[in-house]
Amino acid sequence: MGRRMKSVISLIVTALFMGCTQQSSPSPTASIATLNLPVTLNRLSTTQFEVIIDASDLTGFSIGDVTFTLSNATRTAFSNSSGDLYKSTVTSSITSGEVPLTLSWKNYTVAKTALIFPTIDAAWDQPEAVPGYVNTDGWEDSSEISPDGKYLVVSTYSPISLIQCILDGNLRTLPSCNTNSFGTLALQRPNFPGASRILSPTAINHTVSILNPPDTTHAFPPVSAYVFVQQSDGSFKEPKPVYIDWDSYSWGAPFGIHFRRKISNAVYDAYTAFGDLMLGNGNKLQSVRLDLSGSAVVLGRMYLSGGALTKSNWTMTPLNIPSLTSQAGNPASSVYGPTGDGYLFWDD
């Protein structure tokens with residue numbers, strides 16, 4: 001929270017010279033990049049937080065020229081009680097939800113979304129939504145940052161409200177199992193492995209090819225993990241899917257992906273949990289090597305061949321944990337070093 005990222009000004013000036021006997025073409029207008037306005041949020045209570053502008057590196061800064069817009073809240077005028085720091089107190093009008101805010105000055109701007117919770121431990125600062133493409137109108141779960149901070153992974157993504165679908169009965173005819181983030185899918189979740197099953201903003205094809213005979217009652221919305229790359233402004237973009245190729249079968253997708261250690265520039269050892277249909281005995285904790293250099297990470301393929309499930313290009317290996325047939329849920333490790341010593345945890 002609150003880390004300041006360096007921004008780069010890109011000034012491009014192009015001139016075309018057509019020769020001394022011809023009229024020269026006019027130079028296009030210089031393009032100045034938008035810079036990140038140095039703003040941090042400081043929590044005061046469950047419904048109040050400070051917006052702090054650090055103007056120490058802003059030549060000619062004037063607080064009167066700052067544009068400040070926000071929703072679901074009111075604010076005080078900025079005060080300047082300490083050097084180049086300008087503070088405004090925001091009071092949320094809601095007790096749970098989002099307070100989006102945007103501040104601009106000259107070619108500097110910043111957009112943040114403060115998250116308001118009814119209760120929050122005193123040790124926490126002001127929660128904010130992760131900027132970029134991590135959050136959508138769909139469902140995101142089990143997020144984690146790589147040891148070097150370069151990547152963020154969301155282990156469970158679905159374009160519907162996944163838990164609401166389950167709570168409502170997990171039936172393929174329910175609106176909660178079909179209403180989806182169709183409109184923003186191409187931008188925020190490119191190469192989504194279940195895209196062909198999303199028919200419209202309100203309809204999903206819940207039939208998957210690996211089920212024999214097919215289940216025509218229950219909902220099987222497409223699910224995939226996604227990994228994002230941190231940008232120079234601190235946001236996470238460049239989304240790429242991490243998945244098994246099997247019609248995005250919902251209840252057998254790898255989940256709880258946990259970075260264990262970095263191997264090379266974009267390669268990591270990781271743990272995950274996976275309900276392997278071919279093992280038939282619940283979830284297993286798995287080790288896997290993730291190469292994040294491409295546009296997608298396919299962990300293997302499972303398909304029907306002659307009425308039987310078949311694997312190909314499989315990358316996951318069950319961990320040797322004796323006497324436990326089911327090891328379900330979000331693995332974590334105390335190990336990031338090269339020796340492989342430490343502890344393994346999971347939440348079931």
Completion exercise
What the 5 Å binned alpha carbon P(r) of segment 148-189 shows, as percent of pairs per bin from 0, is 5, 20, 22, 18, 16, 9, 5, 3, 1
Completion exercise
The relative contact order of segment 41-115, taking Cα pairs under 8 Å that sit 6 or more residues apart, comes to a percentage of 31
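Note down the relative contact order for segment 89-173 as a percent, whole number, built from C-alpha pairs under 8 angstrom at least six residues apart.
Details: 95 pairs, mean separation 14.6, N = 85.
In percent, rounded to a whole number, it is 17.
Test of understanding: what is the full-extension gain from residue 69 to residue 164, defined as 0.36 nm times their sequence separation minus their Cα-Cα distance? Don't jump to the answer; show the numbers that get you there.
Working: separation 95, 0.36 × 95 = 34.20 nm, distance 3.24 nm.
Full extension of this stretch gives 31.0 nm more.
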Problem - Contour excess over end-to-end distance, with Cα ends at residue 319 and residue 343 and 0.36 nm allotted per residue - result: 7.3 nm
Fill in the blank from the handout: Among 306, 183, 169, the residue with the largest mean-square fluctuation in a Gaussian network model of the chain built from Cα contacts under 10 Å is 306
Practice task
Starting from the Cα of residue 305, step 7 Å along the direction of its Cβ; do the same at residue 62; then give the gap between the two resulting points in nm.
Solution key: 7.3
Fill in the blank from the handout: Here the FRET efficiency for residue 104 versus residue 205, based on Cβ atoms and R0 = 25 Å and rounded to 0.05, is 0.05
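Within segment 117-195, report the chymotrypsin sites (Phe, Trp or Tyr not before Pro) that DSSP leaves as loop and that have at most 16 other Cβ atoms within 10 Å.
124
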Handout entry: J(HN,Hα) series, segment 59-64, from Karplus relation 6.51 cos²θ - 1.76 cosθ + 1.60, nearest Hz, glycine and proline x
Key = 5, x, 5, 9, 5, x
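Taking 8 Å as the Cα distance limit and 6 or more residues as the minimum spacing, I'd like the relative contact order of segment 130-180 as a percentage.
Working: 65 pairs, mean separation 15.2, N = 51.
Relative contact order for segment 130-180 comes out at 30 percent.
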Exercise for the section: Please work out the average accessible area per residue across the chain, using the 1.4 Å probe convention, and give it in Å². Expected result: 52
Fill in the blank from the handout: Going residue by residue through segment 46-55, the Karplus relation 6.51 cos²θ - 1.76 cosθ + 1.60 with θ = phi - 60° gives ³J(HN,Hα) values, rounded to whole Hz and with x marking Gly or Pro, of 5, 10, 10, 8, 8, 9, 10, 9, 9, 9
Fill in the blank from the handout: Projected area averaged over all directions for the convex hull of the alpha carbon atoms of the chain, nm², comes out at 26.1
Completion exercise
Whole-Hz Karplus couplings 3J(HN,Hα) for segment 206-220, θ = phi - 60° and coefficients 6.51, -1.76, 1.60, Gly and Pro as x, run 8, 8, 10, 6, 7, 8, 9, x, x, 8, 9, 10, 8, 8, 10
Handout entry: Carbon/sulfur fraction of accessible area - the chain, other protein chains in place, 1.4 Å, %
Key = 52
Exercise for the section: Evaluate E = 1/(1 + (r/R0)^6) for residue 289 and residue 135, where r is the Cβ-Cβ distance and R0 equals 35 Å; express this FRET efficiency to the nearest 0.05. Expected result: 0.80
Fill in the blank from the handout: In nanometres, the difference between 0.36 nm per residue of separation and the alpha-carbon distance of residue 187 and residue 96 is 30.0 nm
Practice task
Report the convex hull volume per residue for segment 130-221, counting only C-alpha atoms, in Å³.
Solution key: 113
Handout entry: Choice from 180, 265, 205 showing the highest fluctuation, given a GNM over the chain with Cα pairs closer than 10 Å
Key = 265
Exercise for the section: Name the residues whose placed amide hydrogens come within less than 5 Å of the amide hydrogen of residue 215, ignoring near sequence neighbours (fewer than 5 apart) on the same chain. Expected result: 208
Problem - Listed residues 241, 131, 201, most fluctuating in the chain (Gaussian network, C-alpha, under 10 Å) - result: 201
Fill in the blank from the handout: At R0 = 45 Å the Cβ-Cβ FRET efficiency linking residue 48 and residue 217, nearest 0.05, sits at 0.40
Exercise for the section: Can you tell me the equivalent ellipsoid semi-axes for segment 224-304? Use √(5λ) from the Cα gyration tensor, largest first, whole Å. Expected result: 25, 14, 11
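The values are calculated or read from the model by the stated rules, or taken from the named source; none is laboratory data. The model shown is predicted, which means the values in this text are computed figures rather than measured ones. In this analysis, Cβ positions are derived from the backbone assuming ideal geometry, glycine residues included, and neighbour counts consider all displayed protein chains. For accessibility, only protein heavy atoms count, side chains too; no ligands or nucleic acids. Shrake-Rupley method; radii C 1.70, N 1.55, O 1.52, S 1.80 Å.
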